Amino acid sequence: MRRPAGLFSALQAVVIGLLMPAALLLAAGCGRRETDVARGSRTQVLHRGLGSDPAEIDPHLISALAEINVASALFEGLVAEDPRNLHPIPATAEGWDITPDGLTYTFRIRAAARWSDGRPVTAMDFIASFRRALTPSIAADCAAMFDPVRNASAYRRGSLADFSQVGFEAPDPRTLRITLEHPTADFLQRLSHPVFYPVPVPLIERCGPVGLRGNRWTKPGTIVGNGPFVLKEWAPNRIILVAKSPTYWDTARVRLQAIAFHPIDSVDAEERAFRAGQLHITEALAVGKVDAYRRGQPAVLRIDPWLATYFFRINITRPGLDDPRVRRALAMAVDREAIVTRITRGGQQAAHSFVPPGFPGYQPPPGIPTDFAEARRLLAEAGHAGGRGLPPIEILFNTSPNHRLVAEAMQAAWQRELGVAVNLVNMEQKTVLEARRTLGFQILRSVWSADYLDPESFLSVFVSDSGNNHTGWSSPEYDGLLGQARATADPAARLALLRRAESLLLDAAPVIPVYFFTTVRLVHPSVRGWHPTLLDHHPYKDVWLEE
């Protein structure tokens, strides 16, 4: 296990060389070395725990939270999010116009918008980037977010080869026009997602195939972005260092001089690093420490609402798990209330549906109850009374004591109530992500958080061709309900269609919802501008530090 004391030392000289003279290494007084937090608060260097190490920071290929947290510092889309309530605000586009029918959006690119190599960011850069994100061969997980755009769905599926037929136009370098298939109320919100970020396509072409994964253009020293920070160092499993970009159009507003992201997959090690003055912000907190911080240090404990669901994906292509009765039995034999009251203890709410409560006008269906007797009946009906004849089930999760505790609770319930043999397997995050992509698992711990403030952000995950489905489950009826909802202008009728789709999803049970999240982390008192938001998004250009 890595010692927390080594989190920053290896690249300490890099940060110091960038931001401060060596004479400031020692604090005044008795000569004790400053902590990273004390020095960072004085020099505007934020130290953030990242959880797992990102597998990728290419905006078009990422979906994990750690990856998004880094990429959002390096790139910027047409639209950004207000730091307090996340409503859409101008970013690389200084403004936009929408036609009365809601079908055409015209964006005005800022004259001052620059790539980190100094080149202007143009409307053509955005179109080339959108084409790359939609290219079928790159298999972008979140490419379906483009579907409201005219012909974007056909192009990403490969049924349309002529990209000029997709609804993007650039009348001039500073004007970008996007035409939709139908009015989409949340379209501006979608545009702040990384899959809509521009990327430097000419650079990518020099580094390898534009339309294939594995291109190494995101390496330090090579990568070019258009966000408020630039990548300086990436030492896997140790540190990712980004520094303030001098070419960013709004650089005068950016107060942080640098961000040091520390990938620490152990919540216990992360908490020790916080106590040692090595982190301003943790990504999470060990569930066993929550009550102690409530009593002893409530000022640094942050528990905020978050539109996210902790759940388990079921690979329905595996023997036994291909029977919906078995899947429903497993889903019913989870004591969610015990998990949130005895294990997580951070204000989480037991999840019987997949979509969390909190979306205006949307009431999730009743969902999956905890009912051990009915679970046993369903398992017997499937021919596996007492677990007989059912192959052993393997639960895969990325390494974390918190995840292990939840998996152990499910293992105990399934063995006790259903007689099912259950094995637990933990791996590092990069390996888990590869297993997820290739369906190399049976049951997989997962989390989904809203990309934008609409229930479709959750339900679109499980359409048949979604790059985020990762269950093997496919339903034409479900796909049709989502399609109808997207084309329905009446808000109440649209939400009713989404509710029917969620009911179908829960009946088929390719997923097992466990609880709705809160964010539970430690935040140093010197951190400013870190507002509670329902999506747990915190634009770094609006964060700063005070000694």
**Prompt:** Looking only at region 181-202, which residues are in a helix (DSSP H, G or I), within 15 Å of Ser460 (Cβ to Cβ) and among the aliphatic types (A, V, I, L, M)?
**Reply:** Val195
**Complete:** Checked Ala382, Ala407 against criteria (touching a strand residue (DSSP E or B) at 6+ places or on another chain (Cβ under 6 Å), over 30 Å from Arg190 (Cα atoms), in contact (Cβ under 8 Å) with a residue 12 or more places away in the chain and not assigned by TED's automatic domain parsing to the domain that holds Pro236); the one match is Ala407
**Count - residues of region 362-373 that are touching a residue at least 40 places away in the same chain (Cβ under 8 Å) and either not assigned by TED's automatic domain parsing to the domain that holds Phe312 or not β-branched (Val, Ile, Thr) (or both)** = 6
**Item:** Residue that is surrounded by the fewest Cβ atoms within 10 Å (Cβ to Cβ) [pool: residues in region 126-142 that are over 13 Å from Gly211 (Cα atoms) and at pLDDT 95 or above]
**Value:** Ile127
**Request:** Can you confirm whether region 238-245 contains a residue that is aliphatic (A, V, I, L, M), touching a residue at least 40 places away in the same chain (Cβ under 8 Å) and assigned to a helix (DSSP H, G or I)?
**Result:** no
**Asked** Would you pick out the residues in region 262-291 that are in contact with a Gly (Cβ under 8 Å, 6 or more places away or on another chain) and outside any helix (DSSP H, G or I)?
**Response** His262, Pro263, Ile264, Asp265, Leu279, His280, Ile281, Thr282, Glu283, Ala284, Leu285
**Request:** State all residues of region 67-108 that are more than 20 Å from Val543 (Cα to Cα) and either of a type outside the set (A, V, I, L, M, F, W, C) or out of contact with any strand residue (DSSP E or B) (no Cβ under 6 Å at 6 or more places or on another chain) (or both); if no residue qualifies, say none.
**Result:** Glu94, Gly95, Asp97, Thr99, Pro100, Asp101, Gly102, Thr104, Tyr105, Thr106, Arg108
**Prompt:** Within region 450-467, which residues are within 20 Å of Asp322 (Cα to Cα) and touching a strand residue (DSSP E or B) at 6+ places or on another chain (Cβ under 8 Å)?
**Reply:** Val461, Phe462
**Request:** Return yes when Pro510 is touching a strand residue (DSSP E or B) at 6+ places or on another chain (Cβ under 6 Å) and more than 30 Å from Phe274 (Cβ to Cβ) and no when it is not.
**Result:** yes
**Of all residues making up region 245-278, the number that are among the aromatic types (Phe, Trp, Tyr), farther than 17 Å from Thr43 by Cα and touching a Lys or Arg at 6+ places or on another chain (Cβ under 8 Å)** = 2
**Asked** Picking from Arg325, Arg294, Arg376, which residue would you name as being of a type outside the set (Gly, Ala, Ser), in a helix (DSSP H, G or I) and either outside the structural domain of Ala435 (by TED's automatic domain parsing) or without any contact (Cβ under 8 Å) to a residue 24 or more places away in the chain (or both)?
**Response** Arg294
**Message:** Take residues that are within 23 Å of the chain's Cα centre (by Cα), modelled with pLDDT of 95 or more and over 27 Å from Thr370 (Cβ atoms) and tell me which of the helices (runs of 4 or more DSSP H) falling wholly in region 382-498 contain 3 or more.
**Reply:** none
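The values are calculated or read from the model by the stated rules, or taken from the named source; none is laboratory data. The structure presented is a predicted model; accordingly, all values stated were derived computationally and were not measured. Heads up, the Cβs are rebuilt from the backbone with ideal geometry, glycines too, and the neighbour counts pull from every protein chain shown.
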